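Have a look at the structure below, then the notes.
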Amino acid sequence: MKNVRNSVLIITLGLCYLSALSLKAQAPQAPQLGKASVKQVIAAMTLEEKAKLVVGTGMNIPGMPAGGPVVGETKSLVDGASGTTLGIPRLGITPSVVADGPAGVRISPTRDKDNNTYYCTAFPIGTLLASTWNTDLVHQVGQAMGNEVLEYCIDVLLGPGLNIQRNPLCGRNFEYYSEDPYISGKIAAAMINGVESNGVGTSVKHFAANNAETNRNSLNVIASERALREIYLEGFRIAVQEAQPWTVMSSYNYINGLYASESHDLLTKVLRNDWGFKGYVMTDWFGGKDAAAQVAAGNDLLMPGNQNQTQAIIKAVQEGKLDVRLLDQNIERILNIILQGPRYKGYNYSNKPDLQAHARVTRQAATEGMVLLKNKDSALPLASTVKKLAVFGTTSYDIITGGTGSGDVNEAYSVSLVEGLQGAGYTIHENLQAMYKAYGNAVKEGRPKREGFMAMMMGSEPTPEFAVNEGLATSLAGTSDAAIITIGRNSGEGRDRSSDEGDFQLTATEKELIKNVSAAFQAKGKKTIVILNVGGVVETASWKDIPDAILLAWQAGQETGNSIADLLSGKENPSGKLAVTFPARYEDVPSSATFPGKELPSNEPKDSRPGGFMRGRPAEDTYTEGIYVGYRYYETFGVKPSYEFGHGLSYTEFGYSNLKLSSEKFNSKMTITVDVKNTGKAAGKEVAQLYLSAPSKKLDKPALELKGFAKTRLLQPGETQTLTFMIDAHNLASFDASGSSWIADAGAYMVKLGSSSRDIRQSASFMLVKDLTVKKESVALVPQQNISELKPAK
């Protein structure tokens, strides 16, 4: 009987096993991303999975106590990265990693229980890259930056920054390219295409009108449709249509009463319907308030993400307040990008990008983006007889390579000015160097060191300038061949700059330094050179006549010192041009009366918690200057700046000739050519700038607007290059809000070719025979109140 029972048991178990196998074979397999269609994968997702996929998995705040605060369900796949999307293994959906930022990848350089290092290249700031006016070079920078994104297995780089430099005091101007949307869009497109050539993505930010850091999460930007379309959105349009970035990042601020991340007008009507954007939109970190409204507006991904947002989306769908089809659209756009990413494709990343090769790209780009503002009596390059340099300024010994916040980079090294000069063969006055070192150490000794989150956001506290009296300056002039003075400034995320001394204005000590050193060295027939190691515009009009030369070095990344030395020595010839105006006074800036906005009555305390960083109080800023931003204002209203848009000197001279238009009448497109000749004695590059002056009939127009630019190759003395420009109907048009259309008035248009907005060398005109409607756009972003905008006199 026992054997019979055993046999029955074995047979029964066998039948159960076969039945289970049969059921398993018959059970439908969950569709897998990449094998099934994206729509089939979405159809297989639960509501909870859908809600979690459009919300990031959280973020550790660096420098905070161990174990907190953690927002959401942080998944740290790359140490120090900014965020991660949810992976759903049962559907073959891999997580996606995003990391800052616009000046290079920002991740943790060291990892627990790991002796390796994970440094990244600190590339030049965005303003310097725009100052190269060289899209091919910026594309190379993007390729190098994108390679580091790839080799550290990051999917999306959070950059470039594309906001307009409306006011020189915006704390994040260093991340942005220009006051002009045309060059901003062209440089951004080159950067995006360079980065994404590696098979990784970018996130163009901050969309849109994020032009101040003060109260940035609660500031309502009140602007006309025309100002938004022509100035604050146009650069994004160019970048989207010429580069199709994988993602766009919505901004913190309100636009005409609605959060950017909750604006269907901005994210769907303008970005997708009008421009044809194909990727997905993510929020800036902790941006917006209403998760369901963000999803409905077309903001696909909420970053860094928290569980409350997930629950809010689930609840909104269950209560019928959010159409699940809109949620499905968000997911479809996200999954289409995940499919392109290196993590999904299983890329065999090395964690070892070629940092040496990227440093060479950085040095080249930095050198080409520095701007020679002044060069009296050919003070630069330094004469061959100059061997020993007296180097003044605290920043000469502690160079500023970039701004703070998400634009910061953890690089392996940085080259100070004195190190760069020594590498170029110059001797640094030892006693003066020892004075600055002792002074710097004494100042820093009593200060608490900023670490973690605050170090990233605020940087190190600046060292006040060392006072140099007439006696010391005279003594050093007798034992040195030339003087170098560096003036340094830094700024960053979460705060705006000040128009006071020590920021936009030089301090009394800095001005005295320039005066005393210049007088002492010039009295002995020796030169004084001022280096501006700054992230944004500073006042120069009150002191620029004193030194012999002024080199605007910007913040040039980790090779800053070498790049400056390359120019001072004459190894390289300056070819940078200003992409932003230097006003004579801050009061001359058209937005100076309203920036950064006024706070509104509120009982809410300022939110200083992590995630609410610099949330501030309700505020508003009305853009009363309208379209007259930067040079558009200065040239139209006859306000003379200290240094105009497009200005930049060279060690040689260039002549313009033979301007030709393909037709005397405009018909859809026009080709324009001009000859640029090196008429000087040194090899060099020139940036030819094409401005257009349009007739003013239905709409008022700026005196001129940038519509093209081209940089020559390195021209030898006597060599000529013919540059070619193309303009189309959009280049002629202005935005008419009454018909939501881009229109061009019939009449004479003037083409102006020159070396800056105030140095026009050649001009010619053509006719538009009849009024032209170039394109009809969506009615969107209409202000809720009348705006009294600046208008030029008829």
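The values are calculated or read from the model by the stated rules, or taken from the named source; none is laboratory data. None of the values given here were measured: they were computed from a predicted structure. Every residue, glycine as well, gets a Cβ built from its backbone with ideal geometry; the counts of neighbours run over all protein chains shown. Accessible surface is based on the protein model in full, side chains and every heavy atom, while ligands, DNA and RNA are left aside. Shrake-Rupley method; radii C 1.70, N 1.55, O 1.52, S 1.80 Å.
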Between Asn658 and Lys524, what is 0.36 nm times their sequence separation minus the Cα-Cα distance? Round to one decimal in nm. 43.7 nm
Quick one, can you get me the convex hull of the C-alpha atoms of the chain expressed as volume per residue in Å³? 196 Å³
Each label sits 7 Å from Cα toward the beta-carbon; between Lys315 and Ser602 the label points are separated, in nm, by 2.3 nm
Given the DSSP H assignment, sum -39500 (n - 2.57) over each helix run of at least 4 residues in the chain and divide by its residue total; what's the result at 222 nm in deg cm²/dmol, nearest 500? -8000 deg cm²/dmol
Leaving out ligands and nucleic acids, note down the accessible area per residue over the chain with a 1.4 angstrom probe, in whole Å². 39 Å²
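May I ask for the longest run of the chain untouched by GluC sites (Glu not before Pro) that are loop-located per DSSP and have at most 16 neighbouring C-beta atoms (other than their own) within 10 Å?
Segment 74-318 is the longest.
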In degrees, nearest 10, the alpha-carbon axis of helix 508-523 is tilted away from the dominant principal axis of the alpha carbons of the chain by 40 degrees
For Asp354 paired with Thr671, estimate the spin-label separation in nm (one decimal), with each label point 7 Å from Cα along the Cα-to-Cβ line. 3.7 nm
Among 515-521, 161-167, 80-86, the order from most to least packed when residues are scored by Cβ within 10 Å on average: 161-167, 80-86, 515-521
Farthest toward positive dipole pole in the chain [+1 Lys/Arg, -1 Asp/Glu at C-beta], among Thr528, Asn731, Ala243: Ala243
Peptides 748-754, 345-351: what's the order by average Cβ count within 10 Å, highest mean first? 748-754, 345-351
Assign unit charges at the C-beta atoms only (+1 for Lys and Arg, -1 for Asp and Glu), then state the dipole size of the chain relative to its Cα centre in Debye, rounded to the nearest 20. 1500 debye
Ranking Val54, Ile88, Ala379 by how far each Cα lies towards the positive end of the charge dipole of the chain (+1 on Lys and Arg Cβ, -1 on Asp and Glu Cβ), the top one is Ile88
How far apart, in nm, are the 7 Å Cα→Cβ label points at Gln241 and Val324? 3.9 nm
Ordered by residue, what ³J(HN,Hα) values in Hz, to whole numbers, does segment 646-661 give under the Karplus form 6.51 cos²θ - 1.76 cosθ + 1.60, where θ = phi - 60° and Gly and Pro are x? x, 6, x, 9, 9, 7, 9, 10, 10, x, 10, 7, 6, 5, 10, 9
Quick check: the angle from helix 355-369's long axis to the longest principal axis of the chain, C-alpha only, nearest 10 degrees? 50 degrees
Find the centroid of the Cα atoms in segment 411-430 and in segment 523-592, then give the distance between the two in whole Å. 19 Å
Segment 726-794 and segment 687-715: distance between their alpha carbon centers, rounded to Å: 11 Å
With r defined as the distance between the Cβ atoms of Met767 and Ala793 and R0 fixed at 30 Å, what FRET efficiency is calculated, to the nearest 0.05? 0.75
Full-stretch length increase - Asn336, Ala43 - with 0.36 nm per residue and alpha-carbon distance subtracted: 104.0 nm
Give a residue-ordered list of calculated ³J(HN,Hα) values for segment 81-90 (Karplus: 6.51 cos²θ - 1.76 cosθ + 1.60, θ = phi - 60°; whole Hz; x for Gly, Pro). 5, 7, x, 9, 8, 6, x, 10, x, 5
Along the Cα-to-Cβ line of Ser592, 7 Å from the Cα, sits a label point; which residues in segment 618-648 have backbone N less than 17 Å from it? 624-626, 628-645
Per-residue ³J(HN,Hα) for segment 664-669, Karplus 6.51 cos²θ - 1.76 cosθ + 1.60, θ = phi - 60°, Hz, x for Gly and Pro: 7, 10, 7, 9, 6, 8
What residues have an amide H closer than 5 Å to that of Met249, excluding those fewer than 5 places away on the same chain, when H is modeled at 1.01 Å from N in the peptide plane? Val204, Lys205, Phe207, Met282
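On full extension of the chain, what length is gained from Ser378 through Gln433, given 0.36 nm per residue of separation minus the C-alpha to C-alpha distance? It would help to have the intermediate numbers written out before the result.
Details: separation 55, 0.36 × 55 = 19.80 nm, distance 2.68 nm.
Using 0.36 nm per residue and subtracting the Cα-Cα distance, I get 17.1 nm.
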Segment 79-185 - charge dipole about Cα centre, Lys and Arg +1 at Cβ, Asp and Glu -1, debye rounded to 20: 240 debye
Using R₀ = 30 Å, calculate the FRET efficiency as 1/(1 + (r/R₀)^6) where r is the Cβ-Cβ separation of Val443 and Leu77; round to 0.05. 0.15
If amide H atoms are modeled at 1.01 Å from N in the peptide plane, then the residues at a separation of 5 or more from Glu625, or on another chain, having amide H under 5 Å from its own are Leu790
What is the angle, in °, between the Cα long axis of helix 307-318 and the longest principal axis of the Cα atoms in the chain? Nearest 10 is fine, range 0 to 90. 60 degrees
Estimated FRET transfer efficiency (Asp728, Glu501; beta-carbon r; R0 45 Å; 0.05): 0.45
What residues qualify as long-range amide H neighbours of Asn256, i.e. H under 5 Å apart, gap of 5 or more or another chain, H built at 1.01 Å from N? Val221, Ile222, Ala223
Roughly speaking, what % of Cα-Cα pairs in segment 373-448 are separated by over 15 Å, rounded to a whole number? 68 percent
Toy charge model, Lys and Arg Cβ at +1, Asp and Glu Cβ at -1: segment 258-310 dipole around Cα centroid in debye, rounded to 20, equals 100 debye
